Structures are given as C-alpha cells and as structure tokens.
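This report concerns only the one structure given below.
The values are calculated or read from the model by the stated rules, or taken from the named source; none is laboratory data. Predicted model only: the values in this text are computed from it and were never measured. Neighbour counts run over all protein chains shown; Cβ positions are idealised from the backbone, glycine included. The protein model used for the area step is the full one, side chains on, heavy atoms only, and it has no ligands, DNA or RNA in it. Shrake-Rupley method; radii C 1.70, N 1.55, O 1.52, S 1.80 Å.
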Amino acid sequence: QVQLLESGGDLVQPGGSLRLSCAASGRVFSINVMGWYRQAPGKERELVATISSGGGTTYGNSVKGRFTISRDNAKNTAYLQMNSLKPEDTAVYYCNLVTRPAEQSTWYRYWGQGTQVTVSS
C-alpha cells in the first residue's frame, strides 16, 4: 500500500509561481513513474507532467515551457515548479504514482488527495 501526500497549493496572482510537492510512502518499487494531473470545475482531469524513476519526463501541451517536474528518488518525492501562472491553471492538482517490482509486469496505480491551486488577482 502506497500513500501520496501533496502540498504547496495556494492562492497566487497571475504571473506568479508555486512549487508543489508530493511525498510517497509505503511499498514504492525502484521502477516507477510519478506525475501530476489537474482538474478544474466542469472539466476532465488532464495530464500536467510525469517523471520516471530513470529521469524521463513528459508534459501536457498547455504547460510546456512554464512548468518543470523533478524528483528526489531517495525521498520518493516529486516536485512541480509552476512559473508564469495563468488563471486557466486554476484547478485541483493530484499526484499520481505507478510502480512495479522489476521481476513482475503488473503495475500498481495510486492517487493523492489533491491540492488546490488558485490563480487570481
């Protein structure tokens, strides 16, 4: 069982910055991908960014060039640095983890409880 705890959500003005953190605890295997998704009221949950245990990253088109995902493998923690924030970035941001042991092919998926990011003047 893995638990994910997000933090760092806040109210920020347009053009400002925030840094979100996601700490994983429990049975996290060395092979894993951590990521951030977001959901605004009335909209579908969408991919923000992912980063694998090997360091590979992906980004959603709407955040490319503004957001940066990183991780600390020793702490099983992922970070999302958000710059040049826009009102349309307002959403609940959820941390995600998929992981598996090296000797198996079955992946396990976990979600955090979400942290609110509000971009408004």
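Determine whether Gly112 is open to solvent by less than 20 Å² (accessible area, probe 1.4 Å), over 17 Å from Gln3 (Cα atoms), within 14 Å of the chain's Cα centre (by Cα) and not hydrophobic (A, V, I, L, M, F, W, C).
no
Filtering the range 90-110 to residues that are touching a Leu at 6+ places or on another chain (Cβ under 9 Å) and either among the charged types (D, E, K, R) or under 20 Å from Leu18 (Cβ atoms) (or both) leaves Tyr93, Tyr94, Cys95, Asn96, Arg109. Scanning the range 58-83 for residues that are open to solvent by 70 Å² or more (accessible area, probe 1.4 Å) and either closer than 18 Å to Arg100 by Cβ or not in a loop (DSSP other than H, G, I, E, B) (or both) gives Thr68, Asn73, Ala74, Lys75.
Tell me which residues, restricted to the range 83-109, are among the polar types (S, T, N, Q) and over 12 Å from the mean Cα position of the chain (by Cα).
Quick first cut of the range 83-109, residues among the polar types (S, T, N, Q) only: 83-84, 90, 96, 99, 104-106.
Of everything in the range 83-109, those that are among the polar types (S, T, N, Q) and over 12 Å from the mean Cα position of the chain (by Cα) turn out to be Asn83, Ser84, Thr90, Thr99, Gln104, Ser105, Thr106.
In the set (1) under 16 Å from the mean Cα position of the chain (by Cα); (2) modelled with pLDDT under 95, Gly26 fails one condition alone, (1). One residue stands out among those in the range 100-109 that are in a loop (DSSP other than H, G, I, E, B) and in contact (Cβ under 8 Å) with a residue 24 or more places away in the chain: the one that is most open to solvent (accessible area, probe 1.4 Å), which is Ala102. Checking each residue of the range 30-41 against the condition of being in a loop (DSSP other than H, G, I, E, B) and surrounded by 15 or more Cβ atoms within 10 Å (Cβ to Cβ) gives no match. Restricting attention to the range 1-29, the residues that are over 15 Å from Val63 (Cα atoms), surrounded by fewer than 15 Cβ atoms within 10 Å (Cβ to Cβ) and hydroxyl-bearing (Ser, Thr, Tyr) add up to 2. Of all residues in the range 29-54, exactly one satisfies the criterion of being free of Cβ contacts under 8 Å to residues at least 12 places away in the same chain and either under 14 Å from the mean Cα position of the chain (by Cα) or closer than 30 Å to Glu103 by Cα (or both), namely Gly54.
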